[in-house]
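Since every read-out is calculated from the coordinates, none of them should be taken as a lab result. These numbers were taken from a predicted model, which means no experiment stands behind them. No Cβ is skipped: glycine too gets one built from the backbone with ideal geometry, and neighbour counts run over all protein chains shown.
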Amino acid sequence: MKKISPLTHGLRGVIEVPGDKSISHRAIILSSLGDSPVEVTNFLAGADCLSTVACMKALGAIVERTDDRILITGQGLHEPDNILDAGNSGTTLRLLMGLLAPQKFLTTFTGDDSLRRRPMARVIKPLTLMGASIVGRNLNRNLPITILPAERLHGITYAMPVASAQVKSAILLAGLYADSPTTIIEPYPSRDHTEKMLKAFGVRLERIGNAITIFPTNKFTAPESIDVPGDISSAAYWIVLATIKGGSDVTIKNVGVNDTRTGIIDVLRRMGATIELVNERISGGERSADLKVVASKLHGIEFGGEIIPRLIDEVPALAVAAAFAEGTTIIRDVGELRVKETDRLAAIVEEFNKISPATFEATDDTLIIHGRHEKTFATCNTRADHRMAMSLAIFGAAAEGVELDDADCVNISYPNFFDVL
Ligand code: S3P
């Protein structure tokens, strides 16, 4: 149990957030494919990225770690001695399925209770079209999954039915080893960290509109170092809390502001928030900035479609902001939230309404939030979902307090979240 008291005053001062989760995963995976050491700084030492580290070690990489610095030296990939455990991490599992589908050895994956329920057919289908053999447990292809040794994969052209960076990245990684180029067409642009980092490793990629083509290679020119920017998905909790809590004025340092991730800033600004980007810079092909956020009055808006992949992980935090806004907010096209670490639409409706009754409603793929209803102290269930836990914590802090049944799950992406709060 974790009890969070209501904030007595606005947020003031400077906050630093941990390294970006998506970029940390990719830095470990790609660095393991070269043969020279790569130093990754500001690496997120959260449970999800440590699952990736454990898998890459089992596949042959040498990893030396001190706090948030990590040195990785690739040794070529080899068959692991045991089943690989992706823990709670969809990114670990899906990216490594793409990397391992073309290899000449067998790998079996498992994961925790949440990951074993999540859909894998969306990755298995395109990899199978490329010639991979992957055996899942049932029609939905839930874990455990075994990837059989492969012949050379074929390049394909594949239109993805959902905008998913994990699926796109799996196909790109498999495409690296194929016999011809592979083209992926996304319905809308999803986060492009894999493309950016592959380019930093010397891989040729071309983008025309929503179509990305990768040209196979087995030559990697690994950079000497990769500096991971702070995670905008972790900054989201402070952006929202500072916006809704009167008297706030904070600067969040060194936040990754890649265009495919900044939907939360666009939406909050449309709702009336004051968020300024200062000290913008580029490091390792990724843009970062300090975010200055001042408390503001918000109003409800409606959004959906193309912007959704740019803020998909921030919907629970945005729902908290909408609960403090004047009027109704309607978030369309968020059915993907039903297959995240938990069914986040159901979790928002069931848990957030305990803090602000009759505020949150959902259909299959739409979330509706009626702002400015009365708030009360509540005991809530995080469903072992890190983003639900952190969103409930800031909701309670801005309202009348909250008690969380299981708060340890924040270790997945933000181990010192409660210290900062
Ligand atoms: C991620 C992609 C997104 C996101 C997840 C991280 C990534 O998932 O929700 O937290 O690192 O590629 P989908 O690709 O399933 O949309």
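With the cut-off at 1.5 for a/c, could you classify the stretch 264-421 from its C-alpha gyration tensor as rounded, prolate or oblate? Here the stretch 264-421 falls in the rounded category. When both the stretch 4-60 and the stretch 354-372 are represented by their alpha-carbon centers, they are found 32 Å apart.
Measuring against 21 Å, Cα to Cα, the residue pairs 125/199; 196/219; 125/340 contain 125/199 as the ones spanning a longer distance.
Computed from backbone phi, the HN-Hα couplings of the stretch 4-12 come to 10, 8, x, 5, 8, 8, x, 7, 9 Hz, rounded to whole numbers (Karplus: 6.51 cos²θ - 1.76 cosθ + 1.60, θ = phi - 60°; Gly and Pro given as x). What the phi angles of the stretch 272-289 give under the Karplus curve with 6.51, -1.76 and 1.60, with θ = phi - 60°, is a coupling list of x, 6, 10, 10, 10, 9, 10, 6, 5, 8, 10, 9, x, x, 10, 7, 9, 7 Hz, glycine and proline written as x. Local charge for residue 366 was computed over the other residues whose Cβ lies under 12 Å away, with Lys and Arg +1 and Asp and Glu -1, and equals -3.
Among 370, 25, 299, the ranking by other beta carbons within 10 Å of each residue's beta carbon, starting with the fewest, stands as 299, 370, 25. Provide the net charge surrounding residue 248, with neighbours chosen by a C-beta distance below 12 Å and charges set as Lys +1, Arg +1, Asp -1, Glu -1. Taking every other residue near residue 248 into account, the sum is +2.
Taking amide H positions as modeled 1.01 Å from N, with prolines and chain starts lacking one, the residues under 5 Å from residue 300 and 5 or more places away or on another chain are 326, 327, 328. Other residues lying with their Cβ under 13 Å from the Cβ of residue 57 contribute a combined charge of -2, Lys and Arg counting +1, Asp and Glu -1. 3J(HN,Hα) along the stretch 365-371: 9, 10, 10, 10, 10, 9, x Hz, from the Karplus curve 6.51 cos²θ - 1.76 cosθ + 1.60 with θ = phi - 60°, whole Hz, x for Gly and Pro. Listed by chain and number, the lysines whose alpha-carbon sits under 21 Å from that of residue 375, ignoring those within fewer than 8 places in the same chain, are 2, 3, 245, 297, 354.
Using only the Cα atoms of the chain, build the gyration tensor, take square roots of its eigenvalues as a ≥ b ≥ c, and label the shape rounded, prolate or oblate: rounded if a/c is under 1.5, else prolate if a/b is larger than b/c, else oblate. Verdict is prolate for the chain. The distance from the alpha carbon centre of the stretch 377-392 to that of the stretch 335-352 is 11 Å, rounded to a whole number. Take the alpha-carbon centre of the stretch 65-135, take the same for the stretch 218-270, and report the distance between them in whole Å. Using only Cα atoms, the two centres lie 27 Å from each other. Model label points for residue 276 and residue 137, set 7 angstrom from Cα along the Cα-to-Cβ axis, are 5.2 nm apart. As a proxy for reagent exposure, 250, 167 were ordered by neighbouring Cβ count within 10 angstrom, fewest first; the result is 250, 167.
Where a ≥ b ≥ c are the square roots of the eigenvalues of the C-alpha gyration tensor, would you call the stretch 21-212 rounded, which needs a/c under 1.5, or, failing that, prolate if a/b is larger than b/c, or oblate? Because its axes are fairly even, with a/c under 1.5, the stretch 21-212 counts as rounded.
When the charge dipole of the stretch 21-212 is built from unit charges on Cβ atoms (+1 for Lys and Arg, -1 for Asp and Glu) and taken about the Cα centre, the candidate among 55, 174, 210 whose Cα reaches farthest toward its positive end is 210.
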